[in-house]
Amino acid sequence: MTPHLIVPFGSADWAAVAPPTVVGVAALVVILADLMLPRRARRISAIAIGIVGLIVAGIIALQGWHHPYVAFGGAFIEGGFAIVFEGIVIVAAIFSLCMSYGFARDDQIGGAIALMLWSATGAMLMAGAASLMMIFLGLELLSLALYCLCGLAARASAREAALKYLILSSTASGFLLYGMALLFGATGSVALAALANPPISAALFDIGCGMFLVGLCFKLSLAPFHVWTPDVFEGAPLPVTAFMSVVTKAGALAAVARFAYAALPQRDHAAILIPLWIVAAISMIVGNVGALAQTDIKRLLAYSGIAQLGYIVAAMAGTSALGLRYAIFYLGAYMFMNLGAFAVVTLLSRENDEGSRLASFAGLGYRQPVLAGLMTFFLLALAGLPPTAGFIGKILILATDVNTGYAWLAVLLIVGTAISVYAYFKIVRAMYARTIGTPVLPRFVPASALPWVGVALCAIATLGLGLYPFAPSDILPLVR
Amino acid sequence: MSLFYLLAVILIASAIFTITQKSPVYSVVGLLVNFLALAALYFTLNAEFLGVIQIVIYSGAILMLFVFVIALLSSGVGPFRAGPNRLPRIAAPALLTTLVAFGFLIFGIAQRPFGPLPPHRPTSFLGNVGDPNVFGSVGDFGVALFTVQLLPFEVTAFILMVAVIGVVLIAGDAVPQPTLGRHRPQKRAAEREPILKAPAP
């Protein structure tokens, strides 16, 4: 029997996956350069090659803005939706690279930067993935590189974090994969577009959707599935934590948004997605209450991230077009304020001390007033006070939730924000309070000026997005 | 259908055998039976490609890897040391989870009772899914791999490469002053005890 072989892929298909490919190849270049260059030049060359690769990928991605293209028979869709998420991943990766100068041993730095780029590649593949298989593979590429990165620091807590992340994340992947298998069984196709067809068995379809969402909620670290987050964030090396806090979330959020907006048939929307909004509501409360008790800033930012992701998912409640725009806007704002805070912590870190304990911040307002001022600004933004992007973002989410009939989510958002202010201001108080017996820490000279660049850019972006809230429009037709 | 039940019983029995044995070598043998029974199950479903792959990769490569690991860790010959008995504490939640999971599955299966396949079956490259030598056959798999699933195929290759490099990076020796490539100190091998000692005269 001769099958009617159709191999319809041409240069346009490969061009559609060019942005992730460029980042993946840049990582290979980093490894090769690491072998050839002298030891002194390795760190700066690895970071420079990585940043150049990411910028090139971003420029290539922007070329496709007005030319959405369904590549590889529906496996990957390059268009406005994918490009926005790819852009967020690229920017977050660039900032994380800026913090990576002092990260890992000399002989590991090339591989570490390469793994970070590969992780970003996975997230970018998820941004455009339009089939269940591509979502899973993107997620695995993203996670696999992160397991290795978590374990790179020499201390025991990093190894513990890597192992915890590996085991729990694999469990979540199991849920995701089982859900995908059931969805495949119910619809007979791995394409997201096929989910709209009438399923063979409605129950299989519902259970599949549920398990699929559970797997992704774990990766988003939403509330009942968040337990791994603080431990992993605390144990992982600082730049990896910063990277993880945005890039993993952006990738998983792209998959959830595409699933909720484009894949699910309209008849099932409300029933299947209700648990997602409930999970978002729980996250807002659990994340902010959990942040209250933390004395390690990485743990605090982990809990903060749980709550912030709750806000972002809540923006999509009711799956309105405006909600998706505001969710993306808030994700961008979260990226800048969160990475800004992480960059400040990077500037405080010394050898053998990541500067993430609350004690490192004691009296910072008198030792380094500029840095303390910027940290205060980022914390204000995370708490959602004006004049920052966090404030505008929350107002927009509140508005869309009320409009789509999810006022209860808006109420919980306000309650969560009120709780969070106390958690964030604990750090502000530590920085400015004059306590007796404050340890006089030596003035720290950072190993490179790169984190300062990151802090400055994040501060400008957080302020700029707050004054001129820019949310990309016309994305919704491009999701599908 | 009777072949299915026979294989199902072998599968479950060998799985239980695998996790209840104290000696790891017995567990591996149990796992081998399990893998072979699963491969036979694939053959009965006309998924011969999956069946062959199951034998080659799982029964062949992965089990060999297990055997090597057990052989290299010399503790493998002895039985496992039994830890504290945690069963009483986890029995109730484990049972509950199992029941819920099974409930979901049975509920899902009961929605569509066994019977003839639906008239509008999904089609594969070589015909309707469910016909012999179509879905899961070597030809079908090959066509899918190099047409609609080309991108996932390439990405999978990429993931494997990333995994290998990541493992090398983590497991790389923690020598504080690693030399550049060619001049790796030869001391270590010389310092090592010879495996076979010449008998004393």
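Consider A:I306 carefully, then state whether it is among the hydrophobic types (A, V, I, L, M, F, W, C), in contact with a helix residue (DSSP H, G or I) (Cβ under 6 Å, 6 or more places away or on another chain) and surrounded by 23 or more Cβ atoms within 10 Å (Cβ to Cβ). Yes.
Under the condition of being surrounded by 20 or more Cβ atoms within 10 Å (Cβ to Cβ) and part of a helix (DSSP H, G or I), the residues counted in the range A:179-193 number 7.
Output the residues belonging to the range A:51-88 that are within 14 Å of chain B (Cβ to nearest Cβ), aromatic (F, W, Y) and either assigned to a loop (DSSP other than H, G, I, E, B) or within 27 Å of A:G323 (Cβ to Cβ) (or both). Can you show your working first?
Here is the first cut: in the range A:51-88, the ones within 14 Å of chain B (Cβ to nearest Cβ) are A:69-78, A:82.
Next, only the ones that are aromatic (F, W, Y) stay: A:69, A:72, A:76.
The answer is A:Y69, A:F76.
Helices (runs of 4 or more DSSP H) fully within the range A:194-263 that include at least 2 residues being within 14 Å of chain B (Cβ to nearest Cβ) and free of Cβ contacts under 8 Å to residues at least 60 places away in the same chain: A:202-219.
Hey, can you tell me all the residues within the range B:17-35 that are open to solvent by 80 Å² or more (accessible area, probe 1.4 Å) and either within 16 Å of the chain's Cα centre (by Cα) or of a type in the set (S, T, N, Q) (or both)? Full working, then the answer.
The first filter runs over the range B:17-35 and keeps only residues open to solvent by 80 Å² or more (accessible area, probe 1.4 Å), leaving B:17, B:19-20, B:22, B:26.
The answer is B:I19, B:T20.
Condition check ((1) of a type outside the set (D, E, K, R); (2) farther than 27 Å from A:A191 by Cβ; (3) open to solvent by 20 Å² or more (accessible area, probe 1.4 Å)) across all residues:
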| position | (1), (2), (3) |
| --- | --- |
| A:G110 | yes, yes, no |
| A:I113 | yes, yes, no |
| A:M116 | yes, yes, no |
| A:L125 | yes, no, no |
| A:M133 | yes, no, yes |
| A:F136 | yes, no, yes |
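For A:F378, indicate whether it is open to solvent by 40 Å² or more (accessible area, probe 1.4 Å) and either hydrophobic (A, V, I, L, M, F, W, C) or in contact with a helix residue (DSSP H, G or I) (Cβ under 6 Å, 6 or more places away or on another chain) (or both).
Details: open to solvent by 40 Å² or more (accessible area, probe 1.4 Å): no; either hydrophobic (A, V, I, L, M, F, W, C) or in contact with a helix residue (DSSP H, G or I) (Cβ under 6 Å, 6 or more places away or on another chain) (or both): yes.
In short, no.
Of all residues in the range A:34-60, those that are of a type in the set (V, I, T) have Cβ atoms under 6 Å from Cβ atoms of residues that are open to solvent by 30 Å² or more (accessible area, probe 1.4 Å), 6 or more apart or on another chain, in A:I49/A:V29; A:I51/A:I94; A:V56/A:V22. Residues that are under 20 Å from the mean Cα position of the chain (by Cα) number at least 3 in the following helices (runs of 4 or more DSSP H) confined to the range A:333-410: A:369-383, A:389-403. Within the range B:154-170, residues that are over 8 Å from A:C148 (Cα atoms) and at pLDDT 90 or above have Cβ atoms under 6 Å from residues that are open to solvent by less than 30 Å² (accessible area, probe 1.4 Å) and assigned to a helix (DSSP H, G or I) in these pairs: B:V155/A:L137; B:I159/A:L141; B:V162/A:W118; B:V162/A:A145, counting only partners at least 6 apart in sequence or on another chain.
Take A:A314 and tell me if it is open to solvent by less than 10 Å² (accessible area, probe 1.4 Å) and in contact with an Asp or Glu (Cβ under 8 Å, 6 or more places away or on another chain). So A:A314 fits the description; yes.
Residues in the range B:144-153: is at least one surrounded by fewer than 16 Cβ atoms within 10 Å (Cβ to Cβ), at pLDDT 80 or above, over 30 Å from A:A145 (Cβ atoms) and more than 8 Å from chain A (Cβ to nearest Cβ)? No: zero hits.
Given the criterion assigned to a loop (DSSP other than H, G, I, E, B) and at the interface with chain B (Cβ under 8 Å from one of its Cβ atoms), identify the matching residue among A:L152, A:L141, A:L137, A:L125. So that I can check it myself, show each step before the final result.
Working: A:L141 fails: assigned to a loop (DSSP other than H, G, I, E, B); A:L137 fails: assigned to a loop (DSSP other than H, G, I, E, B); A:L125 fails: assigned to a loop (DSSP other than H, G, I, E, B).
Step by step, each of A:L152, A:L141, A:L137, A:L125 is checked, and only A:L152 is assigned to a loop (DSSP other than H, G, I, E, B) and at the interface with chain B (Cβ under 8 Å from one of its Cβ atoms).
The values are calculated or read from the model by the stated rules, or taken from the named source; none is laboratory data. Please read these numbers as outputs of a predicted model, since none were measured by experiment. Cβ atoms come from the backbone with ideal geometry, glycine included; neighbour counts cover every protein chain shown. Only protein heavy atoms, including side chains, enter the accessible area calculation; ligands, DNA and RNA are left aside. Shrake-Rupley method; radii C 1.70, N 1.55, O 1.52, S 1.80 Å.
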